[in-house]
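First the structure, in the form of structure tokens, and then the observations on it.
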Amino acid sequence: MYITEQELSGFDTYKYSCKDTSPLSNYVMHPFWNEAVKLFPRWLAPNVMTFGGFVLLILQYILLWYFDPTYYASTADIAYPPIPTWVWWFSLFAQFFSHTLDGCDGKQARRTGTSSPLGELFDHGIDSWCVSLFTLNILSVFGRDLAPVSLMYSVQCMTLMTFLLSHWEKYNTGILFLPWAYDLSQVLMAIVYFITAVSGVGVWRGTLLGYEVTILFKVVLYVATFGFAVPMCLYNIYIANKNGTGKNLTFYEGSLPLLSPLLSFTILTTWIYISPSNVLSTNPRIFMLIISVLFSNILCRLIVSQMSNTRCQVFNKFVFFIGAGFAVTLYFHNPVIENYILLTLAIGLTVAHIHYAITVVNKLAAHFGIKVFSIKQDSD
């Protein structure tokens, strides 16, 4: 059972509450989206726009995987053919329009009078997967010369952590505090793709402000995560509990959403260090795809809990499959067997997560008597 009757009934009383204090978002992006949404016909369902942006990122991901399966294509090693220029132009197109569609879907819902908890769940659920796609796609620009696989893993984990913290924050406070880094990162990625399409990947091997690009990238990443995201999240939860405006959960209950991510991070990091095939170097795409699917499922279940005001799941079942795969790898300690385990996990968890998403969305649509991809309501 993916969603309980208690969770379904909890959605009936849900009210969206968020705070967005980003200057970029309020003074640039929202005015742009307010005009852009007028280009879409009123009969177009907001969820179609949300899903359209997701499909663009998936296509970009598939293209980059095809031309750059191991993240060597953008290195200085001539043994690996470079990624074609047109792929970077498509990446710019996919990045810009996925961000635009993500910004316009909510406005389209309000414009057409079709706002619903289903739309928010659909939007944020897809975002939980997109956050990994953004990372895995942009890393192809730099290749292993500038972004060693250890850095790639760190980038993915910290990006997911930032997204998780926003929803953990909402689980405790009832308010979604939108991080400043989101829109800024979206704009910067579009700029990076544009520069790469015009000048080629070699432009990133130089220095910027007298420092190597990799050094600046690390500094910005760590400062954004541990200097801003984590402290602000803890501060907002503290203030909400102090003022009585939050849910006033006990430390244990409030920390439940962090248990599965922490356990997952521990298993995956340990796996990397003792992998018989040096998995992060030999199969980075497969391994990081597993991470993206795992965390997306964890985050989706957390979003369902926070929106329905129900208790968060203590341990996600996907974590047990990851743990079992790791245990079998430890037992056999064979690179070939490990590769089969990784492939099985990647395919199995992806299919299971898609099935989970479709089931939950359809149940909510039936509960509210609406269609997922159409504005027209059921006649009955």
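Quick note: the coordinates plus some simple rules give every number you see, no bench work behind them. For clarity, every value in this text was computed on a predicted model and none was experimentally measured. Cβ placement follows ideal geometry from the backbone for every residue including glycine, while neighbour counts extend to all protein chains displayed.
Entry note: the chain has Rg to Rh equal to 0.96, where both radii use alpha-carbon atoms and Rh is the Kirkwood radius. With θ taken as phi - 60° and the Karplus curve 6.51 cos²θ - 1.76 cosθ + 1.60 applied, the whole-hertz 3J(HN,Hα) list for region 8-14 is 4, 5, x, 5, 5, 9, 6 Hz, x standing for glycine and proline. Among the lysines of the chain, pairs at least eight places apart or on separate chains and with Cα atoms under 12 Å apart come to 4. Residues whose amide H falls under 5 Å from that of Leu176, counting only those 5 or more places apart or on a different chain, are Ser17, Cys18, Lys19, with hydrogens built in the peptide plane. Highest mean packing first, where packing is the average number of other Cβ atoms within 10 Å per residue, the peptides 279-285, 345-351 line up as 279-285, 345-351. For the residues Leu165, Leu44, Leu289, a GNM of the chain with alpha-carbon springs under 10 Å puts the largest fluctuation on Leu44. Just checking the listed ones, Glu338, Glu169, Glu253: in the Gaussian network model of the chain with Cα springs under 10 Å, the one fluctuating most is Glu253.
Taken over the Cα atoms of region 310-369, the convex hull encloses 60 Å³ per residue. If you build a Gaussian network model of the chain, linking Cα atoms that sit under 10 Å apart, which residue out of Thr70, Thr50, Thr114 swings the most? It is Thr114.
Close amide H pairs (under 5 Å, H built 1.01 Å from N) link Lys371 with Asp378, residues at least 5 positions away or on another chain. Region 89-194 has equivalent-ellipsoid semi-axes of 27, 19, 10 Å, by the square roots of 5 times the alpha carbon gyration tensor eigenvalues, sorted largest first.
Of the complete DSSP H runs in the chain, those spanning 27 angstrom or more by Cα along the long axis with a mean Kyte-Doolittle score not below -1.0 are 46-67, 85-112, 117-146, 149-173, 180-199, 251-274, 284-308, 335-368.
Amide H contacts under 5 Å for His333: none, restricted to partners 5 or more places along the chain or on a different chain, H placed in the peptide plane at 1.01 Å from N.
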